[in-house]
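Chemist: The structure's right below; bear with me while I get my questions together.
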Amino acid sequence: MKKATLLILMGLGFAFSSSGQNVGLSFSYFIPKNGYFSTPISPFSIRGLGVDLNRFIALETGASLYRMSGLNMKGLPFESKDPLLGPNFTILVPGELVFQLKGNGIELDLKGGGFFFYGFDQKLNYGNIDRALRKYEGWDVANSELTYKNHPGFGYLVGAEVTFYVTDQFGISFETNYLSSQAKFPLAGSYSGGTLSGINQTIAADFKDAKVDFTGLEFSIGVILTGGGKAGGAKKKKRR
């Protein structure tokens, strides 16, 4: 899975560098709900690949490989405001319908659609898990040993992008997307602990409804090089 992911992204990178009149470079950041600030792995992130259906509507896709510092989980009998999963690598592939409003020196794109994501090289954050278990059980000490089953996730996204053209060949873009998704991530194993008074026990864990919570905001700022003016041409491609 890892090798296939890298080959896909490298292929997109070649397509980026060898075709199209409109190209760009942007820096993106993902801020997950109850998670840690995350960044894409350059050059394995290209977004905005697509076609114009007419003057106002376009279809876009692409792929991003993120280094997720920390994601939270849902579907557990306990809650945590801190991430329970990560760091990991996550590939994200969107499919978007874009409504384009073009004016004199400015373009506003309104976006909506779905996306696929898959995390690999997963790591559980045992420090935060044990802290949440202590609070859930009312213990002073807790130590967990868990295994997981990894699954892909699907969700939806909505967002907007505004591009200001300083010249006919150069523009600056600002984009924000809201992403909401989850992926099955059942946990099994056991956890042990107790109170300082000496009451200790081991409990079997079977959190079959656990899910990765892939919800958050994606921000990006970039530059667009049109090569032949603002009008016409292929959809712009942005390497993040």
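The values are calculated or read from the model by the stated rules, or taken from the named source; none is laboratory data. Source: prediction; values computed, not measured. Reconstructed Cβ throughout: ideal geometry from the backbone, glycine too, with neighbour counts over all protein chains shown. Keep in mind that these areas ignore ligands, DNA and RNA; they rest on the heavy atoms of the full protein, side chains included. Shrake-Rupley method; radii C 1.70, N 1.55, O 1.52, S 1.80 Å.
Chemist: Just checking, does the range 178-190 include any residue being touching a His at 6+ places or on another chain (Cβ under 6 Å) and not aromatic (Phe, Trp, Tyr)?
Modeler: Yes, there is a match, as at least one residue in the range 178-190 is touching a His at 6+ places or on another chain (Cβ under 6 Å) and not aromatic (Phe, Trp, Tyr).
Chemist: Across the range 68-79, what is the total count of residues that are modelled with pLDDT under 95 and surrounded by 16 or more Cβ atoms within 10 Å (Cβ to Cβ)?
Modeler: 2
Chemist: If Gly113 satisfies every condition in (1) open to solvent by less than 60 Å² (accessible area, probe 1.4 Å); (2) within 18 Å of Phe185 (Cβ to Cβ); (3) modelled with pLDDT of 95 or more but one, which is the exception?
Modeler: With (1) open to solvent by less than 60 Å² (accessible area, probe 1.4 Å); (2) within 18 Å of Phe185 (Cβ to Cβ); (3) modelled with pLDDT of 95 or more applied to Gly113, the lone miss is (2).
Chemist: Also: Just give me the residues in the range 188-201 being open to solvent by 30 Å² or more (accessible area, probe 1.4 Å) and under 25 Å from Lys74 (Cβ atoms), in sequence order.
Modeler: As a first pass, look at the range 188-201 and keep what is open to solvent by 30 Å² or more (accessible area, probe 1.4 Å): 188-190, 192, 195-201.
The answer is Ala188, Gly189, Ser190, Ser192.
Chemist: Checking the conditions here, which among Phe164, Phe154, Phe185 is touching a strand residue (DSSP E or B) at 6+ places or on another chain (Cβ under 6 Å) and open to solvent by less than 30 Å² (accessible area, probe 1.4 Å)?
Modeler: After applying the criteria, what remains is Phe185.
Chemist: Hey, any hits in the range 93-111 for a residue that's touching a helix residue (DSSP H, G or I) at 6+ places or on another chain (Cβ under 8 Å), hydrophobic (A, V, I, L, M, F, W, C) and not in a loop (DSSP other than H, G, I, E, B)?
Modeler: No - not one qualifying residue is present in the range 93-111.
Chemist: Does Ile129 meet the test of being under 24 Å from the mean Cα position of the chain (by Cα) and within 30 Å of Gly198 (Cα to Cα)?
Modeler: yes
Chemist: A follow-up question, please. Could you please let me know if Ser144 is surrounded by 14 or more Cβ atoms within 10 Å (Cβ to Cβ), among the hydroxyl-bearing types (Ser, Thr, Tyr), modelled with pLDDT under 95 and in a strand (DSSP E or B)?
Modeler: no
Chemist: With the requirement that a residue be under 30 Å from Val212 (Cβ atoms) and buried (at least 16 other Cβ atoms within 10 Å of the Cβ), what does the range 167-182 give you?
Modeler: Ser173, Glu175, Asn177, Leu179, Ser181, Gln182
Chemist: Right, another one. Any idea how many residues of the range 12-55 are modelled with pLDDT of 75 or more and among the aromatic types (Phe, Trp, Tyr)?
Modeler: Residues meeting the conditions: 5.
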